[in-house]
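The values are calculated or read from the model by the stated rules, or taken from the named source; none is laboratory data. Here the structure is a predicted model, which is why all the values come from computation and not from measurement. Reconstructed Cβ throughout: ideal geometry from the backbone, glycine too, with neighbour counts over all protein chains shown.
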Amino acid sequence: MDDLIRYSVITEKNPREIVLLRGTGCRWRRCRFCDYHLDFSRDTAANTALNLAVLAQVTGQYGRLEVINSGSFVDLDPSTMDEIERVCAEKHIHTLHFECHWRDRDAIDALRARFAARGVTVRIKIGVESFDADYRETVLVKGIDERDPAKIAALFDECCLLVGLCGQTADSMIRDIETGLAHFDRVCVNLMTPNSAPLQPDDAVCACFVREVAPRWANDPRVDLLLHNTDFGVGGTEHA
């Protein structure tokens, strides 16, 4: 996956730069909808080299940087983390966004403290996918053993939701977004797109989301609506 687009600029709804870095890979790897974990390498030196080249593109134009990878921030090597810290100082980044799986939540406080010492606010996003805990764990196999949205949100600032799957309805998708907004600062709603994972999108549910649900939050500055998984500008390929 060396040909993936790994740097982009988001100009609407919380403008920021975004980088897709590569780490040693998601440690959970059981989500039935995800093949994102395939973007990984056990070669730490190769990861560092790739990541430093990507981070070199950061300009600091908005003072905000989102760092994503196919897992949690804990899966990035120390040299990459050092470079992120250096880039934040050099480019005057004041707000830094990371992703974190529920299982890695104990590492969040130390991360916040590390960057706070440099004057950088860290915002952490979790992939909840759905607040229907039974659906989330039985169908999606997300690996979150907490049912209470408030207790999940106590540790995280933002959440990702996944829509367009069999068993979801307009009401359930609306309820998930409303719950996310009630407990988190921001919500990123991802419409499921075909991939190599066992669970694939349901066309009728996808159409329902586009027709009945998405318009409600099209102009909400706290809600990112991704109708394609590359809508943030990263993850696709140059020739795609």
Residue satisfying condition, being in a loop (DSSP other than H, G, I, E, B), among the small types (Gly, Ala, Ser) and over 17 Å from residue 22 (Cβ atoms), within set 71, 60 = 60
task = Would you check if residue 176 is over 16 Å from the mean Cα position of the chain (by Cα) and surrounded by fewer than 14 Cβ atoms within 10 Å (Cβ to Cβ)?
result = no
ask   = Among the residues of segment 115-144, which ones are touching a strand residue (DSSP E or B) at 6+ places or on another chain (Cβ under 8 Å) and exposed (fewer than 15 other Cβ atoms within 10 Å of the Cβ)?
value = 116, 121
task = Report the residue count in segment 102-123 for those that are among the aliphatic types (A, V, I, L, M) and touching a residue at least 40 places away in the same chain (Cβ under 8 Å).
result = 1
task = Go through segment 1-44 and count every residue that is part of a loop (DSSP other than H, G, I, E, B) and either farther than 24 Å from residue 145 by Cα or hydroxyl-bearing (Ser, Thr, Tyr) (or both).
result = 17
message = Whether any residue in segment 145-153 is loosely packed, with under 14 Cβ neighbours inside 10 Å and out of contact with any helix residue (DSSP H, G or I) (no Cβ under 8 Å at 6 or more places or on another chain) is what I want to check.
response = yes
inquiry  = Pairs needed: first member in segment 40-53, crowded, with 17+ Cβ neighbours inside 10 Å; second member anywhere, of a type in the set (A, V, I, L, M); C-beta distance under 7 Å; at least 6 residues apart or different chains.
reply    = 51/21
Those residues of segment 54-67 which are crowded, with 22+ Cβ neighbours inside 10 Å and of a type in the set (Val, Ile, Thr), in sequence order = 67
request  = May I ask you to say which residue of 133, 116 is within 26 Å of residue 201 (Cβ to Cβ), over 17 Å from the mean Cα position of the chain (by Cα), aliphatic (A, V, I, L, M) and modelled with pLDDT of 95 or more?
outcome  = 133
request  = Read through the list (1) in contact with a strand residue (DSSP E or B) (Cβ under 9 Å, 6 or more places away or on another chain); (2) among the aromatic types (Phe, Trp, Tyr); (3) buried (at least 19 other Cβ atoms within 10 Å of the Cβ), then give the number of the only condition that residue 36 fails.
outcome  = (1)
inquiry  = Quick check on this structure: which one of 97, 92 is more than 26 Å from residue 226 (Cβ to Cβ) and outside any helix (DSSP H, G or I)?
reply    = 92
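Please state which one of 70, 79 is buried (at least 20 other Cβ atoms within 10 Å of the Cβ), touching a Leu at 6+ places or on another chain (Cβ under 9 Å) and either modelled with pLDDT under 95 or not basic (Lys, Arg) (or both).
Of 70, 79, the one residue that is buried (at least 20 other Cβ atoms within 10 Å of the Cβ), touching a Leu at 6+ places or on another chain (Cβ under 9 Å) and either modelled with pLDDT under 95 or not basic (Lys, Arg) (or both) is 70.
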Filtered residues of segment 208-240 (kept if farther than 17 Å from residue 177 by Cα, exposed (fewer than 15 other Cβ atoms within 10 Å of the Cβ) and small (Gly, Ala, Ser)) = 240
